[in-house]
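Q: Quick one: this structure, given as structure tokens, is what I'll be asking you about.
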Amino acid sequence: MAASTTTDNFKVIGTRPIRHDGVDKVTGRAKYGADYAFPGMLHGKVLRSPHAHANIKSIKIDKALKLPGVKAIVTSKDLPQAENKLEQSGEMVINPMYLSMNILAHDKVLYDGHAIAAVAATSPHIAEEALRLIEVEYEVLPPVMTVDVATKPGAPILLKDLRNKEEGDKQTNVAQHYQFKRGDVEAGFKAADYVIEREFNTAMVHQGYIEPHNAVGIYNSDGQATIYCSTQGAFDVRSLSAQVLGMPVGHIKVVPAEIGGGFGGKTTIYLEPLSVLLSKKTGAPVKLVMSRSEVLRASGPTSGSKIKVKMGATKDGKLVAAEIWMAYEAGAFPGSPVGAGAMCIIAPYTVENFLIDAYDVVVNRPKTAAYRAPGATNAAFASETIIDELAEKCGIDPIDFRLKNAVKEGDAQVVGPPFKRIGLIQTLEGIKNSPHYKSKLTGKFRGRGVASGFWFNAGMQSSATVNIHADGTASVVTGSPDIGGSRASMAMITAEVLGLPVTDVRPITADTDSIGHTDVTGGSRVTFATGMAVYEAAKDAERQLIERAAKVWEKKPDEVEFRDGKLHAKGNGVPPMSIKQLAPRFPRTGGPITGRASVNARGVGPGFATTLVDVEVDPDTGKVQILRCTVAQDAGKAIHPSYVEGQMQGGTAQGLGWALNEEYFYDDKGTLRNSGFLDYRMPTCLDLPMIETVVIEEANPGHPLGVRGVGEVSIVPPVAAVANAIYRAVGVRMLETPMSPPKLLKAMLKHRDSTKHSAAAD
Amino acid sequence: MHAINYEAPSSLDQAVSILKTHGENARPFCGGTDILIQLRAGVRRTEHLVDVKKIKELQTLSFDAKKGLRLGAAVPCIEISDSDVMRKHYPGLREAAHLIGSLQIQNRASVGGNLCNGSPAADTTPALIALGARARIVGPAGEREVPVEDFVVSPGRTVLKPGELLVELLIPAPAPHSSDAYLRFIPRNEMDIAVVGVGASVTLDGDKVKAARIALGAVAATPLLAGKAAEALVGKKLDDAALEAAGHAASAICKPIDDMRGTIDFRVHVTGVLTRRALTIAAERAKKN
Amino acid sequence: MPTVVIPALLRKFTGGIERVSVPGKSIRELVLHLGQQFPGIDQQLLVHGDIRPSIAVSIDGEIATGGVLDPVNEDSEVHFIPALGGGLV
Amino acid sequence: MKKTLVEATINGETVEFLCEPRQSLLETLRDVLELTGSKEGCLTGDCGACTVLLDGHAVCSCLVLGVEAQGKKIDTVEGLATQGVLSVLQNKFLEHASLQCGICTPGFLISAKSLLDRNPKPTEPEVRYALAGNLCRCTGYDKIVKAVLDAAADIRSQGEGKAAAR
């Protein structure tokens, strides 16, 4: 089902061709990072801290080095000094010192799984045995696992250089404070007929990509290095690795392998500099691949959080005030997505008066990385639950309540500037008109919940080249690693502009030396920003085709036009010429045609989604079954609708997993107890229904094809939608994630007790 | 993983002799679905894996209406869940085998391996205990039989002595008007380890319970036989009050832990719930036999 | 004159004032004049002569990409907002 | 470390190879035989990315030892296409856009093949049960389940077509 506001007449865009990299992926030929092998290659493994918080007193590697087959061991002593400063790197702001400390612990370990040393050996088994022979002496410190503990006066300090600039320059675990303010909150609450105030807690969760992190590093004697790895951003791997290794950026080439999922988690580096360092020491290529346990313990999950929300509405359902306090776990180093969360938490609604305070807090957990609309899901869980309660108080249907307050073009965003054209209202109406919403949900312990979500989406830098081959077919080269089928979209945009069949366009993801700088595959930006570069590169090729045809016809370029895949001479009866016919004449008319474009994309169109969920709760065990689920999302323009639906379904599935069972479970020593897919419980095929989609196409005026990013926002509403559905099913408001059976059962038993007591009192 | 040796004897004698030679340093190896994970994680250390899948006695699944079932220790779960004999006579044990892991796991894992792994949360162990199964063990000192409820002594440890091998499980023929059921609680619908597991068998005499056995998994250091819970039912109609009493009695013997799979309170509560549900299913089935 | 909207936490430099009219034809000029009017605020916005990496600039409702180099119009509205990290797929 | 000589039939070809007893079948396939189509996602049998057929049964090759392959028949994703022609399942995965990142795809294809070999007419719950041992984090499974159901229907109609032609 699609509702389109674009009046275009596309031939390729909007169709569903077979993806170009598909055959390689169903035959096992596609090469992912761990599939690379080179002659003489060694295997690396990483020694990781068993403690959440400890000083490293000494590291002894002699015994391990003596093990036959062990070729080299590196520790933080092998890394250059890194500076304590903030720096822009792609879409991230990084601190080189903290980045270096995360790659290999300097003098302190800050989480269970923190890397301490890396070994290269002739087999992965030998490297692993060598790890057991490395002797590390620790001085164990008390672990700081939650924002509550971290912000208590006198709490153990994680980072000696982290100081509170707002209050007397003291050492602190609070890395950052954000504040957003509008109107008069006190007056707002006075005008409210209903005020709801609640505190929410969400657990740290992981992106859960199936492919573990990997890297093969090759350092040559001339000082040049090549890294093969599965990453969302080859250029980021290059700049971050150069930073950590103290190498010039130009001395590193990063070859992005096929990537087995990322969802934000593969936008930074872990193994990449280690592979180069070990290769430098041994003179051989070195491959490192994380185990699943290492992925969970030591890559970058997203923050757990504590969020207090107070919101007020008038009787007729108008939101009038919001006061919000939120604190996110950054992990061991600053940089949680709490700022983004703060800007998202009431983004879908016009609220005249608000005050939002947000805090980034370091704790003894792995440094968080991006995860699909970072920060927004936690935030929406809190605000969308309150919205549901206010709707109930006002006696208004929750969708109608949202419609009454929904932002539209011209309304101010939380950060101030007004929205351009957006599609929140259309997603709400899309849900209202869906077969799911129109169906009746019957049966005991069943409930239906709805929630909406917002995500900014990103622009940033992308490059593309379009090469026209001698037979009139084309290739399109970009620097965006393809995680979800973006190559097909790039080929489709090229094919659309050049009037070619999509099978005549071959899309390529190039290495860092073969294409201009391209920022990370993240922020839902590839189809938007790289798509913009591809569109312009194809247009550049079109312009050149016109010039060549003009030469052939001995006319001026403005006497030639390009339409329907053919060159037409204006006026007289010259028969039109296809690219196929023109291509053999490239050599005599000036040589090959390469269309080029690089952009720092402006005109980002934010994304909205609304999700509807039906659940059934087992009243005796608290187990929740998802019965039905529909998601409506504004795509701007769906280039390849199947992969747009795929993004919506995938994000929704992750949101449902987040809602029900996923969590980082640490014991009181700060050891992660569920560092495997057995106990980090992501949804299986048997846990989910079909996920119905409503693709809204409210064209983004900032993009030549109307595209807005679609990769992220679908993960934002599901957690709140499930919570609201559970409430409808069993009358319990869940204020923490995951809403796992032990927690829900406890809440239901308490609820039953209290209703019994109140019945007795009547 | 550290280096290991692998041998795959084709006779029981050979297997026992290899196991005896290496003593503590050897372990029987069947589906590998637990031991390989444990060796990789460094939780167990064994230098010799003795693959027992080629030994005929361990691959037997045979049923006799009088003598009951002989279930070879290495019979893969998939064979059990595909078996009509199991479906008809031991539906609870079949369900337990069918619940273990994914199809990929069921194609490799065995009931014997599940038992020898010694996990308190093993799915098939409560089902075996509910059926009154006995474990036939062969070792350097000959042969012995152990009731399954006595087989696991602590998490990961069993009565097997160095050199000993579990050959088969002997399960009595079902009495008339009897049947069994196994239920477990997991947060997802597949792929989890039991947070609570309850096996129950019921023999009816008219509308009254003639005999019953209830066994619990994942609620103590070892699988438990809930004797009092079963006794509470004998001679009674299986009505709500009786089920409630059995559930309470089952919950009462739980000594669970708080962990990433569930809390103590949750496990105790759900033990009662599953006990009632499993008894109801077993009794429904028994009526039809 | 262009209008600059001051972020909540920097309003301590402006005595709580949220919207300020400042002369200038570029972000560089606006920040310069802001600093003259409210000493110290420019240092919160700049590092090494350009906008801090942790801050994004919105000009007339759109995130700008040119840092201090971006031009502004007489009637432009400029917001300084936290830059964000994105994730995704 | 001492290596063992193993002879097995892999994707229809008799193959001899050397491996250490501690090497899993997955490691053997990938590092010794250069068949990298089977993927490592967890090494604990929880994700199914390494699923292969061992004598016709779907197993996690990370939980099988390479030495156990002696005398066995092993089928991997690399053997699904016949002389360059994709199988119905492979085609349906492409048509239905059942893969995004594609890392789980080889395992899903093998599990789905194993299901359809045994049960040519599966219901949606049967498909979901048969695929529960394979984790996918990109798709929410929707398009995978649809592809398998569609492939089953296609294979059946092909079979009926053949029967009618006879």
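Q: Looking only at other chains, what is the average number of their beta-carbon atoms within 10 angstrom of each beta-carbon in A:646-652?
A: Numbers: counts 11, 6, 2, 7, 11, 4, 2.
Counting Cβ atoms of other protein chains within 10 Å of each residue's Cβ and averaging gives 6.
Q: Percent relative contact order of the range B:205-289, based on C-alpha pairs within less than 8 angstrom and at least six residues apart? Each step should come with its number before you reach the end.
A: Values: 111 pairs, mean separation 22.6, N = 85.
That works out to 27 percent.
Q: Can I ask one more? Test of understanding: express the Cα radius of gyration of chain B as a ratio to 2.2 N^0.38 Å, with N the residue count.
A: For chain B, the normalised Cα radius of gyration comes out at 0.98.
Q: Taking the inverse of the average 1/r across all pairs of different Cα atoms in the range A:537-680, what Kirkwood radius in Å do you get?
A: The Cα-based Kirkwood calculation yields 21.3 Å.
Q: If I take R0 = 56 Å and measure r between the Cβ atoms of A:ALA470 and D:ASP117 in this structure, what FRET efficiency does the formula 1/(1 + (r/R0)^6) give, to the nearest 0.05?
A: After rounding, the FRET efficiency stands at 0.75.
Q: Spelling out what I want: for every residue of the range C:18-31, take phi, set θ = phi - 60°, compute 6.51 cos²θ - 1.76 cosθ + 1.60 (Karplus), and round to whole Hz; glycine and proline get x.
A: Per-residue couplings from phi come out as 8, 10, 10, 8, 9, x, x, 10, 8, 4, 4, 5, 4, 5 Hz.
Q: Report the relative contact order of the range A:157-289, percent, no decimals, based on alpha-carbon pairs under 8 angstrom and at least 6 residues apart.
A: Contact order relative to length: 26 percent.
Q: May I ask you to derive the FRET efficiency for B:SER10 and B:ARG87 from their Cβ-Cβ distance with R0 = 22 Å, giving the value to the nearest 0.05? Could the numbers behind the result be given before it?
A: Numbers: r = 31 Å, r/R0 = 1.40.
Between B:SER10 and B:ARG87 the formula returns 0.10.
Q: Taking trypsin sites (Lys or Arg not before Pro) as candidate sites, keep only those in a DSSP loop with at most 15 other Cβ atoms within 10 Å, then name the longest stretch of chain C containing none of them.
A: Longest gap between qualifying sites, sites excluded: C:26-89.
Q: Rounded to the nearest 5, what % of DSSP beta bridges with both residues in chain A are antiparallel?
A: Antiparallel bridges: around 75 percent, rounded to the nearest 5.
Q: Quick check: residue separation of B:LYS208 and B:ARG157 times 0.36 nm, minus the Cα distance between them. What number comes out in nm?
A: This chain segment gains 14.5 nm when fully extended.
Q: Rg over Rh of the range B:183-271, using C-alpha atoms and the Kirkwood radius, what does it come to?
A: Rounded to two decimals, Rg over Rh is 1.01.
Q: How far is it, in nm, from the label point at B:ALA221 to the one at C:MET1 when both lie 7 Å from their Cα along the line to the Cβ?
A: That separation, rounded to one decimal, is 8.0 nm.
Q: So for the range A:623-676, what percent of the C-alpha to C-alpha distances run longer than 14 Å?
A: 67
Q: Related question: Report Rg/Rh for chain A, rounded to two decimals, where Rg is the Cα radius of gyration and Rh the Kirkwood radius.
A: 1.00
Q: On to the next question. Please report the equivalent ellipsoid semi-axes of chain C, computed as sqrt(5 x eigenvalue) of the Cα gyration tensor, largest first, in whole Å.
A: With the √(5λ) rule applied to chain C, the semi-axes are 20, 15, 13 Å.
Q: While we're on this one: Nearest 5 is fine: what % of DSSP beta bridges in the range B:1-142 come out antiparallel, could you say?
A: Values: 6 of 13 bridges.
Taking every DSSP beta bridge with both residues in the range B:1-142, the antiparallel ones total about 45 percent.
Q: Given the Cα-Cα distance of A:ASP184 and A:THR503 and 0.36 nm per residue of separation, how much length would full extension add, in nm?
A: 109.0 nm
Q: Still on this structure: Could you work out how far apart the two model spin labels at A:ASP668 and B:LYS54 are, taking each label as a point 7 Å from the Cα in the direction of the beta carbon, and quote it in nm?
A: Placing both labels 7 Å beyond Cα along the Cβ direction yields 5.2 nm.
Q: What ranking do B:72-85, A:626-639, A:545-558, A:686-699 get when scored by the average of other Cβ atoms within 10 Å per residue, highest first?
A: A:626-639, A:686-699, B:72-85, A:545-558
Q: Next up: Take every residue in peptide D:103-113, count the Cβ atoms of other chains within 10 Å of its Cβ, and give the average of those counts.
A: Counting Cβ atoms of other protein chains within 10 Å of each residue's Cβ and averaging gives 4.
Q: Same structure, new question: Extending each Cα 7 Å along its Cβ direction at A:ALA37 and D:GLU124, get the distance between those two points in nm, one decimal.
A: Using points 7 Å along Cα→Cβ, the separation is 4.3 nm.
Q: In addition: So what is the 222 nm mean residue ellipticity for the protein assembly as shown from helices alone, if each DSSP H run of at least 4 adds -39500 (n - 2.57) and you divide by all residues, rounding to the nearest 500 deg cm²/dmol?
A: Counting only the DSSP helices, I get -8500 deg cm²/dmol.
Q: Additional query: If you count the DSSP beta bridges with both ends in the range A:463-544, what percent of them are antiparallel, to the nearest 5?
A: Among the beta bridges of the range A:463-544, antiparallel pairing accounts for roughly 50 percent.
Q: When only alpha-carbon atoms are used, what values of Rg and Dmax, in angstrom, describe the range B:1-133?
A: 15.2, 48
Q: Output the pairs from A:LYS308/A:LYS669; A:LYS165/A:LYS408; A:LYS253/A:LYS367; B:LYS53/D:LYS92; B:LYS66/B:LYS210; B:LYS66/B:LYS255 with a Cα-Cα distance over 31 Å in this structure; if there are none, say none. The partial results should precede the final answer.
A: Values: A:LYS308/A:LYS669 27 Å; A:LYS165/A:LYS408 37 Å; A:LYS253/A:LYS367 26 Å; B:LYS53/D:LYS92 37 Å; B:LYS66/B:LYS210 19 Å; B:LYS66/B:LYS255 37 Å.
Those over the limit are A:LYS165/A:LYS408; B:LYS53/D:LYS92; B:LYS66/B:LYS255.
Q: Here is a follow-up. Using a Förster radius of 51 Å, what is the FRET efficiency between D:ALA153 and B:VAL146 based on their Cβ-Cβ separation? Nearest 0.05, please. It would help to have the intermediate numbers written out before the result.
A: On the way: r = 51 Å, r/R0 = 1.00.
With R0 = 51 Å, the Cβ-Cβ based efficiency is 0.50.
Q: Relative contact order of chain C: what whole-number percent is it, with Cα pairs under 8 angstrom and at least 6 residues apart?
A: 35
Q: If we sort A:714-727, B:163-176 on the protection proxy, mean other Cβ atoms within 10 Å, highest first, what's the order?
A: Listed from highest to lowest mean packing, they are A:714-727, B:163-176.
Q: List, largest first, the extents of the alpha carbons of the range A:610-762 along their principal axes, each in whole Å.
A: Taking the Cα atoms of the range A:610-762, the three principal extents are 64, 44, 28 Å.
Q: Within 10 Å, count the other beta carbons around each residue, average over each peptide in A:374-386, A:457-469, D:26-38, and list them highest first.
A: Details: A:374-386: 30.2, A:457-469: 24.8, D:26-38: 21.6.
Going from most to least packed, we get A:374-386, A:457-469, D:26-38.
Q: Please report, in whole Å³, the volume per residue of the convex hull around the C-alpha atoms of the range A:484-584.
A: Working: hull volume 11.7 nm³, N = 101.
Normalising the Cα hull of the range A:484-584 by residue number yields 116 Å³.
Q: Once A and C are treated as a pair rather than alone, how much accessible area drops out, both sides summed, in Å² to 100, probe 1.4 Å?
A: So the buried area, both faces added, is about 2500 Å².
Q: Let me confirm one metric for peptide D:60-67, namely the mean number of other chain beta-carbon atoms within 10 Å of its residues' beta-carbons.
A: 6
Q: With the Cα gyration tensor of the protein assembly as shown in hand, give its eigenvalues times 5 under a square root as the equivalent ellipsoid semi-axes, listed largest first in whole angstrom.
A: The three semi-axes for the protein assembly as shown are 51, 37, 32 Å.
The values are calculated or read from the model by the stated rules, or taken from the named source; none is laboratory data. This one's a predicted model, so the numbers in the text were calculated from it and none came from an experiment. Here the Cβ is made from the backbone with ideal geometry for all residues, glycine too, and neighbour counts use every protein chain on show. Side chains are part of the model used for accessible areas, which takes the heavy atoms of the whole protein and leaves out ligands, DNA and RNA. Shrake-Rupley method; radii C 1.70, N 1.55, O 1.52, S 1.80 Å.
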